[in-house]
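Below: one structure, written as structure tokens.
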Amino acid sequence: GFTCAAANVMEAERFQELAKVMKKKNVKLGEDQLSCLVKMVVLHGIPKDLDNYPKDLLLFLSPSDYAATGSCRQYFTNIGKANLDVLQRESSQRKQLLMEALACLKVPGTQVNEENAEILGRLVCDLSGEYIKSSGRNLLKQLSQCESFLPDQEEAIRSVISSGNTTFGPPVAWSAFTLNELSGLIPVFDHSIFQKIPKNALSLWLKNFAHDSPLSREQLGTVVEELLPTRHKRADGCPPGKQVTEMVLNDDLMPAYYTPEELRTCLKNVSLENHLSQILTYAFSTQQLAVLRENLDETYPDGYPESLLPKLGSLFPLMTPEDFSKWKITSADTLAALLKNELSDDQASGIIKRYVGLGNALNATALNAIGTKYVCLLNASELNMIDSNSLKLASLNPSACSQLTKDILYPKARHAFSDQRYFPAYYELIEPYLGGAPGVDLRALSKDDVNMKVSTFAKLRRDSLMSLTPSEVQGLLGINLHDLKKWQNKSPIREWVQMQKQSELDKLHVGLTGGTQEGYINIVTPKFQTPSSASLGTVTMTLHLLPALLISFLMMSVLS
């Protein structure tokens with residue numbers, strides 16, 4: 001619940017105490033919270049006891065900032081244990097951290113030894129494919145903790161594993177325990193690697209370890225596919241001993257017992273409804289899931305009953321808008337259950353349209369189900385259906401949506417939170433909707449010490465942003481004002497800077513350049529997008545010593 005707006009009401013010393021308590025309580029903080037926290041902690045100089053603060057705070061500092069506390073090696077040992085995902089994968093901050101870490105550890109070329117890999121910790125996830133190919137045998141343990149990989153990293157990991165030149169040996173010698181240690185890398189394996197792993201090792205791993213692995217149901221389905229015969233014989237009937245019994249339906253290894261054809265024949269006359277929620281958590285392959293869907297279609301030819309919809313889970317990738325048109329989605333709770341699934345935008349939009357089309361209200365439950373993930377899919381008529389009071393209980397952030405969406409939602413949000421207007425909580429409630437705020441509302445906020453993030457500032461309505469003066473921007477950004485310098489070459493902040501007098505920008509003391517010099521007028525035309533032409537861009541015309549130019553023009557006219 002910590003917010004940057006709260007920073008203004010605390011003394012710096014008291015604030016440092018708060019940050020230390022956050023470490024003791026192992027509080028999980030987001031990027032914006034940490035960015036604000038570090039600014040307040042170092043407001044009057046960098047503390048000499050940084051180890052007493054949350055480790056994630058170090059992501060926003062440098063080895064030189066840490067020098068009074070310890071060595072760069074100690075700094076990067078702590079960074080390796082921090083939550084690196086607080087920073088975006090390809091961000092300049094993460095790249096800089098990796099470069100400084102490699103320099104601190106004096107890593108020769110692309111050779112990373114085991115000791116340095118241990119220190120790098122999560123930073124190993126950012127090493128390029130070149131490093132992985134050179135040092136892969138020393139990196140696999142750390143790499144298996146990474147959440148995702150870039151294509152060149154995946155290729156390098158496959159190359160290292162296929163070579164067999166690792167502490168785990170070649171795949172042909174792996175056991176279920178080996179797979180457990182490398183479970184984070186299984187999604188990277190291709191068919192050639194799976195073919196080399198003993199089938200009994202894969203089966204044992206699925207039975208004993210898969211539950212605790214970081215793999216999704218879809219990724220586990222890929223492992224199951226490798227266990228099934230590559231050629232599926234057409235089954236004339238359910239093979240002896242493969243009847244689908246209560247025991248089989250309760251066995252999470254069920255997918256490994258049937259080819260798609262066997263599953264089709266063995267499920268005839270078997271009702272899945274009572275077991276559907278359970279068996280759809282099993283690691284069925286895409287082909288097997290298609291068979292399960294066929295079974296349901298045969299059971300319910302006129303459309304699935306509403307009670308069944310929340311149980312469909314992993315069958316959703318096989319569903320189409322035509323299917324949704326047959327569904328009876330009569331409650332916001334059903335809508336919420338459906339939207340919890342992994343859906344494409346088209347699927348989510350189709351489900352929402354079906355729900356609204358049946359005359360259901362977009363109340364707080366429905367809005368929370370739609371959430372930030374799908375709010376941008378709502379069209380104007382759907383947005384206008386929203387009652388402002390519903391926003392009080394909804395958690396939405398439309399900052400990435402179209403300007404039309406922001407313009408419709410802002411007045412509703414302003415009305416919804418109007419009773420909080422003179423309380424500190426107001427800014428946190430209204431902040432996600434500010435992309436639709438008029439200039440007059442922003443000027444009012446500039447007097448409230450809200451410490452607006454520059455990322456929020458950059459997403460404000462363009463005409464509203466352009467109407468703000470440097471002193472009003474200073475009031476809005478507060479302790480985040482210095483971040484404006486990093487954004488000054490990005491639109492629309494670049495155009496805002498160009499419209500200001502340089503002398504006024506200088507008063508901000510953050511190093512902004514590009515404003516209008518005394519004696520000049522900068523006219524910046526906004527960007528307009530027309531159907532028949534590309535953006536006109538920004539055109540700047542400078543008129544210097546206007547009276548002299550007019551006299552010259554008149555004299556030329558007379559002489560001609």
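The values are calculated or read from the model by the stated rules, or taken from the named source; none is laboratory data. It should be emphasised that the depicted structure is a prediction, and the values quoted were computed from it without experimental measurement. Heads up, the Cβs are rebuilt from the backbone with ideal geometry, glycines too, and the neighbour counts pull from every protein chain shown. Heavy atoms of the whole protein, side chains included, go into the accessibility calculation; ligands, DNA and RNA do not. Shrake-Rupley method; radii C 1.70, N 1.55, O 1.52, S 1.80 Å.
When all protein chains stay in place and ligands, DNA and RNA are ignored, the 1.4 Å accessible-area order of 212, 32, 236, 297, largest first, is 236, 212, 32, 297.
Ranked from largest to smallest solvent-accessible area, with a 1.4 Å probe on the protein heavy atoms, 482, 191 come out as 482, 191.
The translational diffusion coefficient of region 204-357, from Stokes-Einstein at 10 °C and 1.306 mPa s with a Kirkwood hydrodynamic radius over alpha carbon pairs, comes to 96 µm²/s. Projecting the Cα atoms of 86, 182, 227 onto the dipole axis of the chain, where Lys and Arg carry +1 and Asp and Glu carry -1 at the beta carbon, places 86 farthest toward the positive end.
Alpha-carbon geometry of region 437-514: the Rg and the Dmax are 11.0, 28 Å, given in that order. The Cα center of region 172-232 and the Cα center of region 17-73 differ in position by 41 Å.
The ratio of the alpha-carbon radius of gyration of the chain to the globular-protein estimate 2.2 N^0.38 Å is 1.23.
Each listed q (0.14 Å⁻¹) maps to a log10 I(q)/I(0) for region 319-429 from the Debye sum over equal C-alpha point scatterers, namely -0.55.
If you take the alpha carbon atoms of region 367-505 and fit the smallest convex hull around them, that volume is 104 Å³ per residue.
Rg then Dmax, both in Å and based on the Cα atoms of region 245-326: 12.2, 36.
Ligands, DNA and RNA are left out, and with a 1.4 angstrom probe the accessible area of the chain is 51 Å² per residue. The largest accessible area among 152, 333 belongs to the first residue in 333, 152, and the rest follow in falling order (1.4 Å probe, all chains).
Of the whole protein surface, residue 462 contributes about 70 Å² of accessible area at a 1.4 Å probe radius.
In this structure, the amide hydrogen of residue 501, modeled 1.01 Å from its nitrogen in the peptide plane, lies closer than 5 angstrom to those of 516, counting only residues at least 5 positions away or on a different chain. Neighbours of residue 189, meaning other residues whose beta-carbon lies under 15 angstrom from its beta-carbon, give a summed charge of -4 when Lys and Arg score +1 and Asp and Glu score -1. With all protein chains in place and a 1.4 Å probe, the accessible surface of the chain carries 53 percent carbon and sulfur.
Dipole magnitude for the chain: computed about the Cα centre from +1 point charges on Lys and Arg Cβ and -1 point charges on Asp and Glu Cβ, it is near 700 debye.
Projecting the Cα atoms of 503, 417, 241 onto the dipole axis of the chain, where Lys and Arg carry +1 and Asp and Glu carry -1 at the beta carbon, places 503 farthest toward the positive end. Axis of helix 546-559 versus longest Cα principal axis of the chain: the two differ by about 70°, to the nearest ten degrees. When +1 charges are put on Lys and Arg Cβ atoms and -1 charges on Asp and Glu Cβ atoms, the dipole computed for region 437-514 relative to its Cα centre reaches about 260 debye.
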